[in-house]
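Here the structure is laid out as structure tokens; the discussion comes afterwards.
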Amino acid sequence: MRLFVAIVLDTGARTHVERIQYQLKIRSRNIRLTPFENLHLTLAFLGEVSSERIPEITSIMDAVQCTPFVIQLSQLGCFFKHYGDIWWVGADGKNELLLLQHSLTNALRECRIWFDPKPFVPHLTIARDVVIAHTTQKEELLSRTDAYTMPVDSISLMSSEHGDRGPLYSELHRTLLR
């Protein structure tokens, strides 16, 4: 199974991101939006994992010590690609968020559960293959500062399967922060 641990966005945050996606869409010649139901903030990408290890992973998640906190979805940015950019929304509230991610990945490492070792950059991908029609519109979008404050009170173990219209995510386990 292809697994990752993530913060699942609440409905208000998803609606906030959907408004941003709409602004991107009306200014783009090409775009592939992240579906509403797939919006999340990845804490650890685990890749292909045997289903036999799921109980071990959920135990690790349940043992993570972190109290609920809030994040602010605000910074809009993009990774420039020659075939079309990847657009994202950054997450502030970084001290608590970094502590949570660090605690989780340390526990995974101690139990010898592989995860992608790339440095953690708190963001959620909202669109891929984006080609904005005019440079001034791109600059206008990147200067936006709309913010949404979201409580984080849980983390989720998610599975990813390839569907006809892209990845399908399913929540396998949810750990409440305390």
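The values are calculated or read from the model by the stated rules, or taken from the named source; none is laboratory data. What you see is a predicted model; the values in this text were computed from it and never measured. No Cβ is skipped: glycine too gets one built from the backbone with ideal geometry, and neighbour counts run over all protein chains shown.
Pull up the range 108-157, narrow it to residues that are among the hydroxyl-bearing types (Ser, Thr, Tyr) and assigned to a loop (DSSP other than H, G, I, E, B), then point me to the one that is nearest to PHE79 (Cα to Cα).
SER143
Filtered by the rule that a residue be small (Gly, Ala, Ser) and within 24 Å of LEU98 (Cα to Cα), the range 17-57 gives ALA44, GLY47.
Within the range 162-172, does at least one residue satisfy the condition of being under 30 Å from GLU96 (Cβ atoms), at pLDDT 95 or above and in contact with a Pro (Cβ under 6 Å, 6 or more places away or on another chain)? No, the conditions are met nowhere in the range 162-172.
Quick one: would you say GLU161 is of a type in the set (Asp, Glu) and either in contact (Cβ under 8 Å) with a residue 60 or more places away in the chain or assigned to a loop (DSSP other than H, G, I, E, B) (or both)? Against the criterion (of a type in the set (Asp, Glu) and either in contact (Cβ under 8 Å) with a residue 60 or more places away in the chain or assigned to a loop (DSSP other than H, G, I, E, B) (or both)), GLU161 qualifies. Filtering LEU46, LEU33 for residues that are under 30 Å from VAL131 (Cα atoms) and buried (at least 19 other Cβ atoms within 10 Å of the Cβ) leaves a single hit, LEU33. The set of residues from the range 101-120 being surrounded by 15 or more Cβ atoms within 10 Å (Cβ to Cβ) and either without any contact (Cβ under 8 Å) to a residue 60 or more places away in the chain or over 11 Å from LEU43 (Cβ atoms) (or both) comprises GLN101, SER103, ALA107, ILE113. Scanning the range 71-91 for residues that are touching a helix residue (DSSP H, G or I) at 6+ places or on another chain (Cβ under 8 Å) and among the hydrophobic types (A, V, I, L, M, F, W, C) turns up ILE71, LEU73, LEU76, CYS78, TRP87, VAL89, ALA91.
The conditions of being over 23 Å from THR11 (Cβ atoms), at pLDDT 95 or above and touching a strand residue (DSSP E or B) at 6+ places or on another chain (Cβ under 7 Å) are not met by ILE132. If only residues of the range 77-100 that are out of contact with any strand residue (DSSP E or B) (no Cβ under 6 Å at 6 or more places or on another chain) and closer than 30 Å to ALA133 by Cβ are counted, the one that is surrounded by the fewest Cβ atoms within 10 Å (Cβ to Cβ) is HIS82.
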